[in-house]
Amino acid sequence: MIQLKNVSKVFYQNKHKIEAVKNVTLEVQQGEIFGIIGFSGAGKSTLIRCINFLERPTEGTVSINGVDLASLKEGQLRKTRRKIGMIFQTFNLLSSNTVFDNVATPLRLAGAPRNEINRKVGELLEIVGLKEKEAMYPSQLSGGQKQRVAIARALASDPEILLCDEATSALDPQTTESILELLLEINRKYHITIVLITHEMHVIKKICDRVAVMENGKVVEQGKVLDVFSRPQQAITKNFIKTIFDVNLPESLLAQIKQHDDPGQLLRISFAGDHVAEPILAELAVKFALRPNIMYGNITQIKDTTFGTLVIRVTGEPAAIQAGIDYLSGLELQIEVIDYAG
Amino acid sequence: MLGNFFDSFAEFWDLYVQSMRETGIMVVYSLVISAAIGLLLGIVLVVTRPGHIYANPIVYQVMNIIINVLRSLPFIILMVAIIPFTKWVVGTTIGVKGAIVPLVVYTAPYLARLLESALLEVDRGVIEAFQSMGATHRQIITRVLLREARPSLVLGLTIGTISLVGASAMAGVVGAGGLGDVAIRYGYQRWEPNVMITCVLLLILWVQIVQSLGTAIAKRLRKR
Ligand SMILES: Nc1ncnc2c1ncn2[C@@H]1O[C@H](COP(=O)(O)OP(=O)(O)OP(=O)(O)O)[C@@H](O)[C@H]1O
Ligand SMILES: [Mg+2]
């Protein structure tokens, strides 16, 4: 659906070269929600703006449905852009237009007939829950309501793709939740592919199917959200994950464990989906005569999947411990032996 | 003293009516022409800046310099300096016609700057949103720039109009008539202090009306 191949973007500011995006290759599938996360200045906005050519890449190609955007003439590019909605952190509504007129904008730009505009705008305002506010001006709305208007406006041209540039970064946590719910609903009901960028791992966790992590203009890690959560490779990814749940054991606890005569092994078990239901601790005790002791546990929801992390200390015969680890690994659980001695 | 003032007011009544009319004609004609030119220049100054929809450093720089040059001349000097140009455009350098040309050359660049800064206030994000919706450059100018900037454009026009009223008083020197002409001929050369005072009051009245009107319209537009 969306294909970025070796995309780079260089800015020149007073003869100073800024490489905002460096050699990014990624593919977004039809119907998925693809998240791009990174710290401020990582190049996220520049990258997402390359997808609809608001920013022309210095190098590399951007293809939508197999069509290279660079090959399009001005008019064709404008037509393609109508199929790519975009929403922004700052909403970017016309302050001199009512809610209704703001949502009608893409239809009017395309010269749609009046009755079609009335019908479509009414429908969209219904979807975003602002039907009764259609005569108001943006200055009379809250941030969340403004973003809803922006979403309705972005949907007015029946886009196949919705680009979200930090759509929730200016909103409070509760409003963020409701906007994310709305995006999820739009993705499911209307099968619109969504690309969103954010600096909050929470947003990725809640609605994204796949994620790319950006650092200094490069994509340093990408994959299914669940995989990235259970097997983060890069330090920056681990840092982002830490912002929503801390898997490191406190130093004081580790010190305590070290003082035991038989400290045993510390295991971190990550599990997703059905395995949550299995009584693994009981199995360890019964089958292998081990004594598992829970040190830390966390269960969370990653989009539709339950994802849990458990840190346990097991004591028993070394051979039995190894057998227990093998058993757990056989269950497709993610097992990691924590080296606490070092 | 006061009775004296009213007597003189009645005596020169026709003169005042006539000069108000002349000032009105000069201001309105010059304003319409200057506003059209000024708005056009203002738009060009905005959209040819680096990174904007018609980015063009050469056009932008040339326009910038021309406007700065024109803006650095006081009206009275400009009026004399462009006499050949005025003659070429309207065939005469005196009367209302002869005054309108220098008034426009004086006011249009000023308005261009005022309207430029009004247009610059428009949020770049909104322009970007329109680009992402596939708007043409023309649609961006008419539906975003001009529309969003309306209150500030009106305030800019108001300031420009007031400066125009002032300049039109000086145009009296070339026989264009108007309040300035009356003030010079009767108030200064014939030493009729009452006429002078009346002219000053009438000019103040003009400025007040223009300013209040402009502020009211801008306020109405901004309420949204
Ligand atoms: N038009 C531009 N001209 C020059 N430099 C730019 C331009 N746009 C972006 N940059 C630079 O490119 C780098 C990446 O910017 P970008 O806005 O893409 O980051 P970001 O990840 O979106 O950050 P944030 O989270 O703060 O929005 C920054 O160093 C920025 O200064
Ligand atoms: Mg950004």
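The values are calculated or read from the model by the stated rules, or taken from the named source; none is laboratory data. Everything numeric here is computed off the predicted structure, so don't read it as measured data. Here Cβ is always computed from backbone atoms with ideal geometry, including for glycine, and neighbour counts include all displayed protein chains. Ligands, DNA and RNA are stripped out before the accessible areas are found, and what is left, the full protein with its side chains, is counted by its heavy atoms. Shrake-Rupley method; radii C 1.70, N 1.55, O 1.52, S 1.80 Å.
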Do we have any residue at all in segment A:83-95 that's at pLDDT 95 or above and away from every other protein chain (no Cβ under 14 Å)?
no
Within segment A:142-250, considering only helices (runs of 4 or more DSSP H) that don't extend past its boundaries, which have at least 2 residues that are of a type in the set (S, T, N, Q) and closer than 20 Å to A:THR300 by Cα?
A:173-190, A:235-242
If you go through segment A:21-53 one residue at a time, how many are within 14 Å of chain B (Cβ to nearest Cβ) and more than 10 Å from ligand 2 (Cβ to nearest atom)?
4
Can you tell me which residues in segment A:136-174 are closer than 19 Å to A:ALA104 by Cα and among the β-branched types (Val, Ile, Thr)?
A:VAL149, A:ILE151, A:ILE161
Residues of segment A:157-189 satisfying the condition of being within 14 Å of another protein chain (Cβ to nearest Cβ), β-branched (Val, Ile, Thr) and within 16 Å of ligand 2 (Cβ to nearest atom):
none
Answer yes if at least one residue in segment B:97-112 is away from chain A (no Cβ under 14 Å), open to solvent by 20 Å² or more (accessible area, probe 1.4 Å), without any contact (Cβ under 8 Å) to a residue 24 or more places away in the chain and under 30 Å from B:MET196 (Cβ atoms), and no otherwise.
yes
For segment B:199-218, indicate whether the set of residues that are more than 18 Å from the chain's Cα centre (by Cα) and open to solvent by less than 20 Å² (accessible area, probe 1.4 Å) is non-empty.
yes
Which of the residues that make up segment A:60-81 are facing chain B (nearest Cβ under 7 Å) and open to solvent by 60 Å² or more (accessible area, probe 1.4 Å)?
A:LYS79
Within segment A:14-42, of all residues that are open to solvent by less than 10 Å² (accessible area, probe 1.4 Å) and near ligand 1 (Cβ under 8 Å from one of its atoms), the one farthest from A:LEU226 (Cα to Cα) is A:VAL21
Subset tally (residues that are β-branched (Val, Ile, Thr) and within 26 Å of the chain's Cα centre (by Cα)) for segment A:110-146:
2
Tell me which residues, restricted to segment A:254-272, are of a type outside the set (S, T, N, Q) and surrounded by 14 or more Cβ atoms within 10 Å (Cβ to Cβ).
A:LEU254, A:ILE257, A:PRO263, A:GLY264, A:LEU266, A:LEU267, A:ARG268, A:ILE269, A:PHE271, A:ALA272
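Let's see how each residue does on (1) within 13 Å of the chain's Cα centre (by Cα); (2) within 12 Å of A:MET86 (Cα to Cα); (3) modelled with pLDDT under 95:
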{"position": "A:ARG148", "(1), (2), (3)": "no, no, no"}
{"position": "A:ILE151", "(1), (2), (3)": "no, yes, no"}
{"position": "A:GLN174", "(1), (2), (3)": "no, no, yes"}
{"position": "A:MET201", "(1), (2), (3)": "yes, no, yes"}
{"position": "A:ARG210", "(1), (2), (3)": "yes, no, no"}
{"position": "A:VAL213", "(1), (2), (3)": "yes, no, no"}
Would you say A:LEU226 is buried (at least 19 other Cβ atoms within 10 Å of the Cβ) and not charged (D, E, K, R)?
yes
Can we say A:PHE11 is open to solvent by 40 Å² or more (accessible area, probe 1.4 Å) and within 16 Å of ligand 2 (Cβ to nearest atom)?
yes
Scan of segment A:155-187 for residues that are small (Gly, Ala, Ser) and within 16 Å of ligand 1 (Cβ to nearest atom), ordered by number:
A:ALA167, A:SER169, A:ALA170
Which residues, taken from segment B:135-165, are of a type in the set (A, V, I, L, M), part of a helix (DSSP H, G or I) and either in contact with a His (Cβ under 7 Å, 6 or more places away or on another chain) or at the interface with another protein chain (Cβ under 8 Å from one of its Cβ atoms) (or both)?
B:VAL144
When restricted to B:PHE75, B:PHE85, the only residue open to solvent by 60 Å² or more (accessible area, probe 1.4 Å) and more than 14 Å from chain A (Cβ to nearest Cβ) is B:PHE85
Requiring at least 2 residues that are open to solvent by 80 Å² or more (accessible area, probe 1.4 Å), the strands (runs of 3 or more DSSP E) wholly within segment A:277-342 are A:291-302
Restricting segment A:110-138 to residues that are in contact (Cβ under 8 Å) with a residue 24 or more places away in the chain and within 13 Å of another protein chain (Cβ to nearest Cβ), the one least open to solvent (accessible area, probe 1.4 Å) turns out to be A:PRO138
Looking at segment A:69-83, can you tell me whether even one residue there is assigned by TED's automatic domain parsing to the domain that holds A:VAL195, within 24 Å of the chain's Cα centre (by Cα) and of a type in the set (Ser, Thr, Tyr)?
no
On the given criteria, is A:THR198 without any contact (Cβ under 8 Å) to a residue 40 or more places away in the chain, within 16 Å of ligand 1 (Cβ to nearest atom) and surrounded by 18 or more Cβ atoms within 10 Å (Cβ to Cβ)?
no
Are any residues in segment A:229-243 surrounded by fewer than 16 Cβ atoms within 10 Å (Cβ to Cβ) and either farther than 30 Å from A:ARG210 by Cβ or among the hydrophobic types (A, V, I, L, M, F, W, C) (or both), and if so, which ones?
A:ALA235
Of all residues in segment B:29-71 being of a type in the set (S, T, N, Q) and part of a helix (DSSP H, G or I), the one that is nearest to ligand 1 (Cβ to nearest atom)
B:GLN61
